[in-house]
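Below you'll find the structure, written out as structure tokens, and then a few comments.
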Amino acid sequence: METSYIIKIDNVNHYYGRGSLRKQTLFDINLTVKSGEIIILAGPSGSGKTTLLTLIAGLRSIQQGSIKILGTEIFKASNQKLLQLRRQLGYIFQDHNLVPFLNAVQNVETSLSLNKELSKKEIRRKAEMILEEVGLEQHMYRNPNQLSGGQKQRVAIARALVTEPKIVLADEPTASLDKNSGRDVVDIIQRLAKQRGCTVVLVTHDNRILNIADRIISLEDGRLSVSKGELLLDISNFMSAVNDIESNQINSMIANLNSQEFADFLNKLNREFKQLLQTLNLFKDHSFNNKIDKIIKVISVKIAQVIKAEQVTFFIVDSERQELWSKNAIGLNRELISIRIPFNTGIAGYVASTGRSVNIPDPYNDPRFNRKIDLETGFKTKNILCLPIFNSQQEVFAVAQILNKAGDIPFDSEDEQKIFLLTKSLGVILETSILYIQQISLWREEEFFES
């Protein structure tokens with residue numbers, strides 16, 4: 001047995017159909033999974049995730065390649081060998097697959113029914129204990145039709161883990177659940193798997209749960225991408241940490257990156273952010289704007305560190321209302337404050353309306369400078385670098401305003417180039433802020449007509 005890996009897949013290809021209708025669904029799959037890892041197979045529907053999972057489970061015949069599970073080669077393995085292997089695996093399905101006329105305890109007991117070494121009393125005790133661990137001590141004698149979707153999935157988790165399998169295979173375990181129930185389910189899977197030291201391979205296209213994984217493997221059009229999976233994990237961990245702006249996770253993820261690493265991270269974030277937003281459906285969440293502000297605040301603090309400036313603020317252009325909205329302005333108490341200014345006023349307004357960058361060594365001697373904001377915020381502006389941010393139509397949709405270079409010296413062309421490259425990577429996040437502003441406008445209109 002190869003002790004390094006509990007799952008080893010080499011050069012697996014898979015096809016559906018015959019003759020002219022034959023279609024390849026998996027292409028040259030190579031993957032190794034270590035004992036105790038939680039692996040997520042992520043990707044859109046129809047990408048081949050479930051097909052690969054059923055091959056690992058021995059529920060589908062391998063056509064080309066090799067799959068070794070717990071050191072056993074399952075390509076062309078006998079039915080008896082496959083049966084022995086399946087008994088060492090736990091399965092969690094999308095639709096629970098509970099027996100409707102059995103209560104929760106009895107459903108869990110079905111996994112232990114073939115174990116001749118256990119008495120009925122021991123089987124009942126084990127079933128009750130695992131149901132308590134998944135939080136169903138008050139519901140263990142109820143039938144499935146008396147349970148919610150999340151509770152049914154907890155029974156399914158208990159049934160999969162009660163035999164103490166070395167590997168748990170989960171196929172879209174959150175697909176039929178709401179956001180909170182889905183999160184609870186995967187947290188239980190993660191906690192119990194880690195406690196028992198078992199390996200988990202979980203198939204999902206739900207980006208809300210990616211951060212439970214030790215590794216994410218992306219599967220698209222039947223092809224694996226480890227690098228994209230790593231990217232998804234990075235971004236998911238970042239999104240999870242956003243709610244605690246001062247957390248050690250945020251600091252370790254961004255604060256210690258050098259300039260190039262930070263630029264690479266922003267590029268990754270920009271590419272994946274839109275997909276995450278669509279999955280999280282944050283436009284229906286009233287905390288959406290606050291989450292966007294927190295993300296931009298974290299990033300702006302790091303940009304200020306890179307550029308050696310005191311503060312970086314982004315203003316979003318609201319063309320409909322002819323205003324600029326600040327997304328991460330910070331007051332004297334270091335809390336986020338909101339600044340809204342008319343489109344054609346101030347230095348940020350000038351940059352937004354003209355599309356030109358400005359570098360002002362002494363803003364108090366510049367007629368475009370709006371001293372009112374300094375008076376309101378208590379901030380003392382010493383010098384300013386202000387740059388437009390363009391969308392794909394080459395329209396100014398945001399403005400980056402950088403204040404107070406360290407040492408009270410003016411910003412130079414190198415600073416301008418650094419800011420340009422970094423803020424260019426924030427396109428999707430800042431454009432999403434515009435969409436949110438537009439959504440606010442719609443809500444206001446609806447409230448006006450309703451009143």
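Rule-based calculations on the coordinates, nothing more; no lab input. As the structure is a computational prediction, the values presented were derived from the model and not from experiment. All Cβ positions, glycine included, derive from the backbone under ideal geometry; neighbour counts span all protein chains shown.
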Open item on the list: Whole-Hz ³J(HN,Hα) for each residue in region 81-91, computed from phi via Karplus 6.51 cos²θ - 1.76 cosθ + 1.60 with θ = phi - 60°, x for glycine and proline: what do you get?
Closed with: 5, 5, 4, 4, 5, 4, 5, 9, 10, x, 10
TODO: Mind jotting down the distance between the C-alpha centroids of region 93-116 and region 345-372, whole Å?
DONE: 69 Å
- [ ] List the residues whose amide H sits under 5 Å from the amide H of I92, counting only those 5 or more places along or on another chain, with H placed 1.01 Å from N in the peptide plane.
- [x] L169, A170, D171
Task: Within straight-line cross-link reach of K34, lysines at Cα separation under 24 Å, skipping those fewer than 8 residues along the same chain - done: K8, K49, K68, K76, K81, K166, K194, K228
Open item on the list: Check which residues have an amide H placed less than 5 Å from A398's amide H, if you skip close sequence neighbours.
Closed with: V317, I389
Open item on the list: Report the Cα-based extents of region 1-111 along its three principal axes, largest first, to the nearest Å.
Closed with: 46, 37, 29
Open item on the list: Please list 3J(HN,Hα) in residue order for region 19-31, calculated via the Karplus relation 6.51 cos²θ - 1.76 cosθ + 1.60 where θ = phi - 60°; whole Hz, with x for glycine and proline.
Closed with: x, 5, 8, 5, 10, 7, 10, 10, 10, 6, 7, 10, 7
Open item on the list: Rounded to two decimal places and with Rh computed the Kirkwood way over Cα pairs, what is Rg over Rh for region 7-238?
Closed with: 0.97
Task: Förster-model FRET efficiency, 35 Å R0, L59 and N267, C-beta, rounded to 0.05 - done: 0.30
- [ ] Please list, in chain and number order, the residues 5+ apart from Q64 or on another chain whose amide H is under 5 Å from its amide H, with Hs placed from the backbone.
- [x] N13
Open item on the list: If I model a spin label as a point 7 Å beyond the Cα along the Cα-Cβ vector, how far apart are those points for E132 and S338 in nm?
Closed with: 5.0 nm
Task: Anisotropy class of region 32-95 from Cα gyration tensor, a/c 1.5 cut - done: prolate
Open item on the list: Please list, in order, the residues from region 402-427 whose amide nitrogen is less than 14 Å from a point placed 7 Å along the Cα→Cβ vector of N365.
Closed with: 410
Task: Residue-wise HN-Hα coupling along region 356-366, computed from phi with Karplus coefficients 6.51, -1.76, 1.60 (Hz; x: Gly, Pro) - done: 10, 7, 9, 10, 10, x, 9, x, 5, 9, 9
TODO: Among the listed pairs K382/K418; K23/K179; K126/K152; K382/K424; K294/K380, give every one whose C-alpha distance is greater than 30 Å.
DONE: K23/K179
